[in-house]
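What follows is one structure encoded as structure tokens, with my remarks underneath.
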Amino acid sequence: MAQVGRLPLVESSWALRREAVQLASWGGYAMTTLWGCPTRKYHSWLSLWKGFERYELLPQMQEEVLVKAGHFLLTTQFFYGRLSWEGYRHLQGFSAGKGWTWYYQIGDLRIEKQVYLGQELPLWVLRYSFSGEVLFRWIPLWAVRPWHTLRVEPPQLERHGDRLHLGESLTLTFQVFPTPRFIPWAYAYEGVYYPEEAARGYPAQENLWSLECWEWRLHGPGEIYIAFSPAARPPLVPMRTVSKPPRSFQEVLWESAEHFFLRTDRGEYIVAGHPWFGVWGRDTFISLPGLTLAREEVQRFHRVMEAALHHRSEEGQFPNTFPNTYTAEDTGLWWVWALIQAHRMGMSAGEIWRYYGEPLQAVLVYYLQRWAGEDGLLRFRAVPPASWMDAQAEGQPIVWREGALVELNALWYAALRFVATIAPQEGVRWRWDLLARRVLAAFKPTFWQKARGYLADWCSSTAASWQIRPNQLLAVALPYRPISDKVAELVLDTVERHLLTPRGLRTLSPADPLYHGRYEGPPALRDRAYHNGTVWPWLLGIYADAKLALLGEAAKPALRKLWQGFEEAAYAYGWGTIAEIYDGDAPHLPRGAPAQAWSVGELLRLSFFLERP
């Protein structure tokens, strides 16, 4: 399915709903639809990450073909709310591997367009191949703006030789072959319209700007190469380096994983999702074991973990969003969770302690001193939200959670037991084991009611929430469980009956009056559905851990069927990747970000454990 022919491509309801993304670790970025038509303000043929911010440079390119039969556009584009350029009519096919290829035909003229981001070299390459004589004009339409904004006023565009100065302290070096005729073309392209932004309830129109028209006349079959780079003069990489499309679903996930890594001068990081997410702490640690260790990249695991350590606050807290936004209290617990998974996936206790022994103890001390009560349980304020269920409306959490949160205390108990198990010093082991025993004694009386048969989502001094949510599954899934096998079986049964879908776990039981089965409508309505019924694929990793812990090998057939079911989902929204969320109601349509790191990472981690005896 990595390749598609003409028939689906001419259907707007199909092609405009499929979005392809490339992220090179040096910061180059590209994202568009299968028409090459931007439907979001985040779509751009070329963008650049600067630190932890992204700049959308080139949302569109005007591509004109002049042959004996007439003048034709390859470009497809919306202006002022309507589809005005219809180059998609000439499309014959599309394929994707480590780059993208579009196939066009105009009369007898066959055209290939390939776009490729170098993974190691800082290079964006565009190649056109023509089967016969043609006059071709290429006009880049620039935005040059921070990713969450829209452009109205013209950017500061200048070309000096082979260098393009774009403003915002951004300069690109270009190489082009053969040399074109450079025609001055300083115009505003007004009313560029992004229908997905309008559908999501956001401003949807901007102006793009051109500087020059590049023109080539080919007197027979030939190729045109255009390359941009933030570096001074990188070598031109021939397009034959573009790989063939991946063959298996496992290869699709491996390839998708590569497009979440970002290197800066401060280290290597994981972008939480495409196109509007940045580097998020919680998402990094949940996705990290699958994106690295399941792909046999141990050193990359260490590089990301160590980069995160540089961003801890003076108090010892990890940022929720990098570089320095500290709004969530669970991030450090997920950092420890990543180490627990590393140990499960083959990393020795000695290696973990050598790299992380000191910060592991510092993280535990942070939680002990700041949030632990006399019974050892962690208790948090409702505002700001401490956990991953953090959507807010008018400054208040949509899912109110305060006091002792079930998954954070399960993570806390596991973290204590983990350190008490792997620490080489007896005194260290004794200290944290003593606290773990205190937490264990308080956990079941706090969260369990036999008559209900499942765990409370949270408990405060005055109230408790008995809404059926997936958070309780952490108490079953972790290798150090604070509940008995019998209680764990009842919790798993409740989760399966109320929350399990083919695309992940719902965030709330459909039997609950606050359940929202579809994630759609204006922002306020979507925010209410986000953690009140919407399905999250990343939770399948937690579900699989719980199932394997209780049933062992007997759990694998059902889990393998769930994993295989995502193969068709990988080409239903993001092209060759997995979406952030899905509707709680069937048919569980993909929603949110088309590509999400922890969705891909947890499917890779699940695959790792399915294949391991």
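The values are calculated or read from the model by the stated rules, or taken from the named source; none is laboratory data. What you see is a predicted model, and the numbers here were worked out from it, not measured in a lab. Here the Cβ positions follow ideal geometry from the backbone for every residue, glycine too, while neighbour counts run over all protein chains shown. When the accessible area is computed, the model is the full protein with side chains, heavy atoms only, and any ligands, DNA or RNA have been set aside. Shrake-Rupley method; radii C 1.70, N 1.55, O 1.52, S 1.80 Å.
No other residue among 329, 358, 374, 351 is at pLDDT 95 or above, part of a loop (DSSP other than H, G, I, E, B) and under 28 Å from residue 265 (Cα atoms) apart from 329. Of everything listed in (1) more than 31 Å from the chain's Cα centre (by Cα); (2) surrounded by 15 or more Cβ atoms within 10 Å (Cβ to Cβ), the single unmet condition for residue 170 is (1).
How about the stretch 202-212: which of its residues are open to solvent by 50 Å² or more (accessible area, probe 1.4 Å) and not polar (S, T, N, Q)? Before you say what the answer is, go through the steps one by one.
Keep residues of the stretch 202-212 that are open to solvent by 50 Å² or more (accessible area, probe 1.4 Å), which gives 202-203, 205.
The answer is 202, 203.
Quick check: is even one residue across the stretch 452-467 in a helix (DSSP H, G or I), at negative phi and under 27 Å from the mean Cα position of the chain (by Cα)? Checked against the condition, which is being in a helix (DSSP H, G or I), at negative phi and under 27 Å from the mean Cα position of the chain (by Cα), the stretch 452-467 yields no hits at all.
Residues of the stretch 1-11 being open to solvent by 70 Å² or more (accessible area, probe 1.4 Å) and in a loop (DSSP other than H, G, I, E, B), which ones?
Those that are open to solvent by 70 Å² or more (accessible area, probe 1.4 Å) and in a loop (DSSP other than H, G, I, E, B): 1, 11.
The conditions of being at pLDDT 95 or above and closer than 29 Å to residue 199 by Cβ are met by residue 506. Looking across 49, 14, 45, one residue alone is surrounded by 20 or more Cβ atoms within 10 Å (Cβ to Cβ), over 17 Å from the mean Cα position of the chain (by Cα) and either at pLDDT 95 or above or not acidic (Asp, Glu) (or both). It is 45.
Conditions (1) touching a Lys or Arg at 6+ places or on another chain (Cβ under 7 Å); (2) not in a loop (DSSP other than H, G, I, E, B), marked per residue:
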{"position": "14", "(1), (2)": "no, yes"}
{"position": "17", "(1), (2)": "no, no"}
{"position": "26", "(1), (2)": "yes, no"}
{"position": "57", "(1), (2)": "no, yes"}
{"position": "61", "(1), (2)": "no, yes"}
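Of the residues in the stretch 582-598, none is part of a helix (DSSP H, G or I) and at pLDDT below 95. Looking only at the stretch 484-505, which residues are open to solvent by 30 Å² or more (accessible area, probe 1.4 Å) and in contact with a Ser or Thr (Cβ under 7 Å, 6 or more places away or on another chain)? 498, the sole residue that qualifies.
Filtering the stretch 84-103 to residues that are in a strand (DSSP E or B), open to solvent by less than 20 Å² (accessible area, probe 1.4 Å) and touching a Leu at 6+ places or on another chain (Cβ under 6 Å) leaves 91, 94. Restricting attention to the stretch 469-483, the residues that are surrounded by fewer than 22 Cβ atoms within 10 Å (Cβ to Cβ) and either of a type in the set (A, V, I, L, M, F, W, C) or touching a Lys or Arg at 6+ places or on another chain (Cβ under 6 Å) (or both) add up to 2. Against the test of being more than 24 Å from residue 194 (Cα to Cα) and out of contact with any Gly (no Cβ under 7 Å at 6 or more places or on another chain), the options 105, 62 yield a single qualifying residue, 105.
Yes/no matrix, rows are residues, columns are (1) under 24 Å from residue 390 (Cα atoms); (2) basic (Lys, Arg); (3) open to solvent by 20 Å² or more (accessible area, probe 1.4 Å):
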{"residue": "515", "(1), (2), (3)": "yes, no, yes"}
{"residue": "521", "(1), (2), (3)": "yes, no, yes"}
{"residue": "537", "(1), (2), (3)": "yes, no, no"}
{"residue": "553", "(1), (2), (3)": "no, no, yes"}
{"residue": "561", "(1), (2), (3)": "no, yes, yes"}
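All of 384, 323, 359, 424 fail the test of being out of contact with any Gly (no Cβ under 7 Å at 6 or more places or on another chain) and either free of Cβ contacts under 8 Å to residues at least 12 places away in the same chain or under 23 Å from residue 472 (Cβ atoms) (or both), apart from 384. Of the residues contained in the stretch 284-291, none is found to be surrounded by 22 or more Cβ atoms within 10 Å (Cβ to Cβ), under 22 Å from residue 436 (Cα atoms) and either touching a Gly at 6+ places or on another chain (Cβ under 7 Å) or charged (D, E, K, R) (or both).
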